[in-house]
Amino acid sequence: MNCPHAAAHEATSGGGVVIIDPLVQDLDGETARLRDAGPIARIELLGVPAWTVTRHAVARQLLVDPRLVKDLDAWGLWQSGEVTHAWPLIGMIDAGRSMFTVDGAEHRRLRTKTSQALTPRRLEEIRPQIEKFTEELLDALAEQGEKNEGGVVDLKSVFAQPLPMRVVGMLMGVDEAEHPMLMKRYKAFFSMLTPHEERMALLAELDVFYAALVRERTARPADDLTSALILAEEGGEPLTEEEVVGNLKAMVAAGHETTIGLILNAVRALLSHPDQLRKVLDGEIPWDTVVEETLRWDTPTTHLLMRFATEDIQIGDDVIAKGEGVVISYRAIGRDFEQHGPDADAFDITRPTPIRHMTFGHGPHICPGAALSRVEAAIALPALFERFPGLRPAVADEEIRKLPVMTQNDMEAFPVLLHG
């Protein structure tokens with residue numbers, strides 16, 4: 001691949017380019033630099049230039065702008081061959097045909113059955129199962145804490161990670177025995193430490209796994225989303241196997257990664273703000289408010305890759321030129337002073353409600369699993385603190401490390417003591 005970023009540096013010699021750190025060593029600092037760069041900012045993603053959006057109001061505008069599309073063929077650097085499949089992030093953009101990679105009528109066609117499977121009524125129907133999974137994993141936490149020296153247990157690997165994987169696996173009809181394999185492959189796929197060839201091979205392995213699941217459900221349909229997608233005939237045209245596989249692959253990724261971050265970030269925020277935790281435990285502040293403030297302040301998705309301009313788009317004094325790529329930086333948007341006030345960098349569950357953020361997106365591509373993630377967190381968090389009211393971190397906050405993932409805001413581990 002050529003190195004097209006030099007032109008971006010020349011074009012922004014006055015304000016500079018924010019280089020997105022693939023190892024996520026200073027997320028707060030990066031968020032501040034992006035926000036300070038303006039409503040839209042020039043960024044560099046592993047040598048490739050793009051724009052990113054850092055303001056709530058601008059994101060609301062652009063996320064419904066039909067001139068920004070998901071179609072990779074609209075990307076000038078892709079058309080010119082300056083970006084190829086050798087670019088390490090290409091698998092996060094060119095991940096197969098699904099509702100996440102198309103627009104307009106085709107997007108509606110691919111999304112309809114998924115949306116129907118995640119209605120408020122359906123979520124209420126599966127609530128008892130989510131509560132059951134939660135209790136089982138809390139039991140596992142307690143057992144692990146008793147076994148481990150000093151009572152230290154990793155809240156992520158024992159609780160926050162398997163819970164959403166169980167839920168999305170149940171919805172999709174994925175056998176629980178396959179969950180560890182899937183979590184391992186998704187973790188490796190998103191990690192910037194995974195060699196590029198290995199990442200692309202993982203994508204191919206996931207395609208093989210989901211294709212086998214689709215063929216199994218085609219032969220023997222069940223009461224799950226996989227079967228519903230296979231049987232969907234929106235506008236008289238059923239989804240192809242490639243489209244069902246693409247939807248499943250992306251939904252399982254989004255359906256568990258986002259909730260892992262939401263649960264862990266909420267626990268971390270509350271434990272580092274004990275006065276606010278006390279207000280929640282005393283019933284002064286509802287858990288729903290904790291969920292929304294966490295989503296705003298420490299977003300599970302850091303940067304969402306990528307949309308492409310089909311014609312020039314004027315934003316203030318800047319122009320996103322036809323063919324340029326646009327990233328949505330949700331963490332910077334969540335800390336937008338103009339939207340959330342001068343204390344936007346503070347976690348504060350007492351701020352005026354409702355807390356209007358757009359962490360799950362906006363417009364046609366708004367996350368279809370947003371309500372599911374909220375339900376899971378609203379069940380998991382109170383249950384965790386009710387079972388372990390003395391819960392506290394086992395390490396200093398600055399010792400918690402982020403995973404080297406450019407798109408998700410996730411921790412390597414979260415060691416805790418269950419009984420203080």
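Listed values, structure above:
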| read-out | value |
| --- | --- |
| Residue list for region 366-409, filter: out of contact with any strand residue (DSSP E or B) (no Cβ under 8 Å at 6 or more places or on another chain), over 27 Å from residue 21 (Cβ atoms) and of a type in the set (D, E, K, R) | 374, 376, 386, 387 |
| Residue pairs meeting the criteria (Cβ under 6 Å; at least 6 apart or on separate chains; first open to solvent by 70 Å² or more (accessible area, probe 1.4 Å), in region 334-360; second part of a loop (DSSP other than H, G, I, E, B) and aliphatic (A, V, I, L, M)) | 337/344 |
| Within region 144-156, tally of residues that are touching a helix residue (DSSP H, G or I) at 6+ places or on another chain (Cβ under 9 Å) and either part of a helix (DSSP H, G or I) or over 18 Å from residue 389 (Cα atoms) (or both) | 5 |
| Test: residue in region 72-79 that is outside any helix (DSSP H, G or I) and surrounded by fewer than 18 Cβ atoms within 10 Å (Cβ to Cβ) | no |
| Single unsatisfied condition, residue 227 versus (1) open to solvent by less than 60 Å² (accessible area, probe 1.4 Å); (2) touching a residue at least 60 places away in the same chain (Cβ under 8 Å) | (2) |
| Residues (aliphatic (A, V, I, L, M), out of contact with any helix residue (DSSP H, G or I) (no Cβ under 7 Å at 6 or more places or on another chain) and part of a strand (DSSP E or B)) located in region 36-71 | 43, 45, 50, 69 |
| Test set (1) part of a helix (DSSP H, G or I); (2) open to solvent by less than 80 Å² (accessible area, probe 1.4 Å); (3) not hydroxyl-bearing (Ser, Thr, Tyr) - residue 208 fails condition number | (2) |
| Any hit, region 412-419, residues being in a helix (DSSP H, G or I) and of a type in the set (Gly, Ala, Ser) | no |
| Test: residue in region 182-190 that is loosely packed, with under 14 Cβ neighbours inside 10 Å and either of a type in the set (Asp, Glu) or not in a helix (DSSP H, G or I) (or both) | no |
| Considering residues of region 121-149 that are more than 28 Å from the chain's Cα centre (by Cα) and free of Cβ contacts under 8 Å to residues at least 12 places away in the same chain only, the residue surrounded by the fewest Cβ atoms within 10 Å (Cβ to Cβ) | 149 |
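Residue-wise test of (1) part of a helix (DSSP H, G or I); (2) under 16 Å from residue 224 (Cα atoms); (3) among the polar types (S, T, N, Q).
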position	(1), (2), (3)
112	yes, yes, yes
124	yes, yes, no
134	yes, no, yes
138	yes, no, no
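The values are calculated or read from the model by the stated rules, or taken from the named source; none is laboratory data. Keep in mind that what you see is a predicted model, and the values were worked out from it rather than measured. Methodologically, a virtual Cβ is constructed for each residue, glycine included, from the backbone with ideal geometry; neighbour enumeration extends over all protein chains shown. Protein only, heavy atoms only, side chains kept; ligands, DNA and RNA dropped before computing areas. Shrake-Rupley method; radii C 1.70, N 1.55, O 1.52, S 1.80 Å.
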